[in-house]
Amino acid sequence: MLLTDGRGLPLNSEYSVEADGRHLAIILESQGGKPRRNPAYREALLLLLARLKDLGATIEVALVDSLVTQQNNISEAERTVLGGPMALAHVADLLALRRRLTTGQTSIAQRPGVRGGNSTKRLRLRLTIPGYDISDTERLAADLAAGVSPQPDEAMQDKEAEVKLLAALGLPAELAKAENVHVTSAIYERTPGTVVVRRAEAVLVALYRQSVAGLGDHRLRTAVGFTDLYLSDSGDIIEAKRGSEHRYVREALGQLLDYAVHVTVPVRKLTALFPASPSEADIKLLHTYGVDCLYWEGASRFVRIPASAAARAAMESIRASADCRSA
């Protein structure tokens, strides 16, 4: 198999993945011959290390695995280039590691009388990779070829975003799961003290409600859940998120579109509320679906970036069609 680089171009250097005892192993084929075989050996090795680092891999051992070492039954100890374990997450300079793996090969299984040494021999990296076991050889080979990274830990992202927003709001960050989404705090008694639990999104909504007092603020109960806020005077459904990164923008967009077709009250505006401004691309995404972007600027100030009237009208037409089909 060949790796595909960041431009989508294949690197001319073959590798494979196989089970190796209790581990997985990557075998990078040697460079050499005429015409030259696997000329992108060094580039491929560096890219493999980078992608393995993204996957949280640990190199258990790196060995020269050439035909000469096999034919002469050279022990692992004599053909080891890198003894492990080495967690790649802790390696700051992958280029230096790549050089260590190549230059360390030169004297291994060297034929008598040969000078200089070959630094691009067939190499075996024995690995431990979270989320992969010895049955995942084909999956790992394909993931490395394309450069697939693991999915983010969304629970950890949520917790970090919650802490960040609470800090910005000037509130302590003692966190736990609140029983009801409509409350902004709950108090639990425990030894030796009392813990106050705040839901950052609810606090953000409460702050916005103060800034629009008198506009008929409510929460709607729909077939798909409770909205964070509904301003009856303007027919505005508002969904708040604890972060403003792309993931939270997508979540807010999906929930708003879902709510909009499950309510019986007038809906003239859909609004996604964030603790900071999303990226321009994400604001454009919201506007494409007729959704306003609303973000907290600090203190009691909020900035609304409205979708165009045309986009809102187009989405209202789609929702009306959905209502007719379900009637």
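The values are calculated or read from the model by the stated rules, or taken from the named source; none is laboratory data. In this text the structure is predicted, and so the values were computed from the model without any measurement. Here Cβ is always computed from backbone atoms with ideal geometry, including for glycine, and neighbour counts include all displayed protein chains. When the accessible area is computed, the model is the full protein with side chains, heavy atoms only, and any ligands, DNA or RNA have been set aside. Shrake-Rupley method; radii C 1.70, N 1.55, O 1.52, S 1.80 Å.
Just a few scattered comments:
- The modelled label-to-label distance between Arg7 and Ser75, using points 7 Å beyond Cα along the C-beta direction, is 4.7 nm.
- Angle in degrees between helix 309-326 and the longest Cα principal axis of the chain, rounded to the nearest 10: 90 degrees
- MRE, 222 nm, helices only [DSSP H, n ≥ 4, -39500 (n - 2.57), over the chain, to nearest 500]: -10500 deg cm²/dmol
- Dipole magnitude for the chain: computed about the Cα centre from +1 point charges on Lys and Arg Cβ and -1 point charges on Asp and Glu Cβ, it is near 1020 debye.
- Computed label-point distance, nm, for sites Ala281 and Ala50 using a 7 Å Cα→Cβ extension: 1.8 nm
- Computed about its Cα centre, the charge dipole of the range 7-51 is approximately 220 debye, with only Lys, Arg, Asp and Glu carrying charge at their Cβ.
- Amide H contacts of Asp228 (H built 1.01 Å from N, in plane; Pro and chain starts excluded): Ile238, Ala240 sit under 5 Å, all sequence-distant by 5 or more or on other chains.
- Taking 7 Å steps out from each Cα toward its Cβ at Arg268 and Glu154 produces label points 3.5 nm apart.
- In order through the range 78-93: 3J(HN,Hα) via Karplus (6.51 cos²θ - 1.76 cosθ + 1.60), integer Hz, x for Gly, Pro: 7, 10, 7, 9, 9, x, x, x, 10, 6, 5, 4, 9, 9, 7, 10
- Across the range 215-223, computed HN-Hα scalar couplings (Karplus, 6.51 cos²θ - 1.76 cosθ + 1.60, θ = phi - 60°) run 9, x, 7, 9, 10, 9, 9, 10, 5 Hz from first to last residue, x flagging Gly and Pro.
- Taking all protein chains together, Glu162, Glu78 sort by accessible area into Glu78, Glu162, largest first [probe 1.4 Å].
- Spin-label zone in the range 213-251 - amide nitrogen under 14 Å from a point set 7 Å from the Cα of Ile305 along the C-beta vector: 244-246, 249-250
- Near the amide H of Asp5, within less than 5 Å, lie the amide hydrogens of Leu11, all on another chain or at least 5 residues away, with H placed in the peptide plane.
- Stretching the chain fully between Met86 and Ile27 yields a gain of 19.5 nm (0.36 nm per residue, less the alpha carbon separation).
- The length gained on full extension between Ala320 and Gln110, counted as 0.36 nm times the residue separation minus their Cα-Cα distance, comes to 67.9 nm.
- Of the peptides 38-46, 66-74, the order by per-residue mean of other Cβ atoms within 10 Å, starting with the highest, comes out as 38-46, 66-74.
- From the coordinates shown, mean projected area of the Cα convex hull in nm² corresponds to which of [x] 34.7; [y] 20.4; [z] 25.3: [z]
- Each other residue within a Cβ distance under 13 Å of Ala313 adds +1 if Lys or Arg and -1 if Asp or Glu, for a net charge of +3.
- For the chain, the share of DSSP beta bridges that are antiparallel, to the nearest 5, is 80%.
- Cβ-Cβ FRET estimate between Asp136 and Arg221, R0 fixed at 51 Å, reported to 0.05: 0.70
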